[in-house]
Each structure stands twice: as structure tokens, then as C-alpha cells.
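Okay, so here's the structure we're looking at.
The values are calculated or read from the model by the stated rules, or taken from the named source; none is laboratory data. Given the structure is predicted, the values throughout are model-derived calculations rather than measurements. Ideal geometry is used to build each Cβ from the backbone, glycine not excepted, and the neighbour counts take in all protein chains shown. Side chains included, ligands, DNA and RNA excluded: accessible areas come from the protein's heavy atoms. Shrake-Rupley method; radii C 1.70, N 1.55, O 1.52, S 1.80 Å.
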Amino acid sequence: MVIACAGYRVTAKTGHHKVALDAIRLSANASKYADYFERCRRKRNVIDYTRSHVATETEAQEILEKATEFHGFVEAWIDSNYSNLRR
């Protein structure tokens, strides 16, 4: 939603996950989240392509908590910057 509210759209092409995180970093000044999810994205790529270093239950719980926190951040960001887009 951050990317859409800022007037952008990420297409499903090679590198689109990184582009989406870069756009979030720039659009919403959300470097803290973009950096964290970028590390998660890189780890996922390692798991996908080498099947090594599989994520632990603790890591899965951590990413769920961070995603929930990010969701709250996005909701607040939309309210303060694009409240006209709320239903």
C-alpha cells in the first residue's frame, strides 16, 4: 500500500522484491523495516536456492512480529499522509 499510495507500481519481474523494499524505504522513510525485510529476503533466497540454513521457529516468530509491527506503521503512515484514501 505504501508504494501504491506514493503513486508507484512494482511489476513482477526479476528483482521486484528488492525494488519493492527500496520503494518502501524511500516512500515512507521506513529504512528500519526495509533493511530488516531485505535481510529476510536474502536469507529466503539462500534457503530457496541452496536448501541450507533453514529458518528456525524463533526466526519465523520474529518475522511475524516484525510484519505485524510494519502493518501498524503502514496504517499510521497512510492515516497521516493519505487519509483521503481511507474508505
Yeah, the chain with a ≥ b ≥ c from its alpha-carbon gyration tensor (a/c under 1.5 is rounded, else prolate when a/b outruns b/c, oblate otherwise) is oblate
Hey, with R₀ at 35 Å, roughly what FRET efficiency would Q61 and N84 work out to, going by the Cβ-Cβ distance, to 0.05?
-> 0.45
Roughly to the nearest percent, how much of the accessible area of the chain is carbon and sulfur, given a 1.4 Å probe?
-> 55 percent
Determine the per residue accessible area of the chain with all protein chains present and a 1.4 angstrom probe, expressed in square angstrom.
-> 74 Å²
Out of A67, A23, A12, a Gaussian network model of the chain with alpha-carbon springs under 10 Å gives the largest mean-square fluctuation to A12
